[in-house]
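So the structure is just underneath, and the comments pick up after that.
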Amino acid sequence: MSPTNPPTSTDTSTGATGTTAADATGTTGTGTPPAPAPARKPPGPVGETRAQTIFRRWFTALVIVLLIGIPAGYLAISAEQSRSSGRDKEAESSVSGLQASWPSKMKRRVFEVPIPARSRDVAYFETSNWKSSRLYVQFTTTGAGLDTFLGDSGTSRSALEEGDITVSDRDAGVVGWRFPPDRDWSGTTHRQDRPRPTRDITVDLTDPAAPRVYVVSTATP
């Protein structure tokens, strides 16, 4: 019988040596090297430097702040102006009595009270509720100014009724008007279809050269 050759240490050593080499070189069993790690993407567009990226981001943030901040600031200012205007109107309406000044052109146009130029002692007061709005006006003018006022109001001196006080006691009480009997009073009421106002006009003609006019113009929607 032929003797059996024992395993040589070369095969074992070779296997161990192969394993050690693979571990040392970091290769796989097939000998293929590992894939390289993907390159890190730059933070901005291609070719943009870091400083350019920082500036671009800062500029974008600034634009966003302006786009949001400016409209918000405008709305805040508008809201404050509206509140201030509302407070002014409320204060004006809450005053008890006539305001010693001319009503605005808008008020004169809406209530159709064409105060003649160079009138003096002009005063007015306005009230308003859900039913109607009233403008109370008084002024002193000339004889010619009275004719102009009546003509621009759609009436005339001939429409004035002697001794007639057309302003009601209620309206007179609102602004503190008094119509004593020792004065030369004349008056008329000029009525118009809605929404144009109706005007009660009373004139003190005691001094024909300086008639004193009292008007209550009532506008009803």
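Some notes on this structure:
- Looking only at residues in the stretch 98-128 that are of a type in the set (Val, Ile, Thr) and within 17 Å of Pro221 (Cα to Cα), the one that is surrounded by the fewest Cβ atoms within 10 Å (Cβ to Cβ) is Thr127.
- Scanning the stretch 162-221 for residues that are within 43 Å of the chain's Cα centre (by Cα) and at positive phi turns up just one, Gly176.
- Here Val113 clears all of (1) at pLDDT 95 or above; (2) in a helix (DSSP H, G or I); (3) of a type outside the set (Ser, Thr, Tyr) except the condition numbered (2).
- Residue list for the stretch 149-164, restricted to those being among the polar types (S, T, N, Q) and surrounded by 16 or more Cβ atoms within 10 Å (Cβ to Cβ): Ser153, Thr155
- Only one of Val137, Val167, Val174 that is modelled with pLDDT under 95, surrounded by 13 or more Cβ atoms within 10 Å (Cβ to Cβ) and within 20 Å of Gly97 (Cβ to Cβ): Val174
The values are calculated or read from the model by the stated rules, or taken from the named source; none is laboratory data. In this text, all values refer to a predicted model and were calculated from it rather than measured experimentally. Here Cβ is always computed from backbone atoms with ideal geometry, including for glycine, and neighbour counts include all displayed protein chains.
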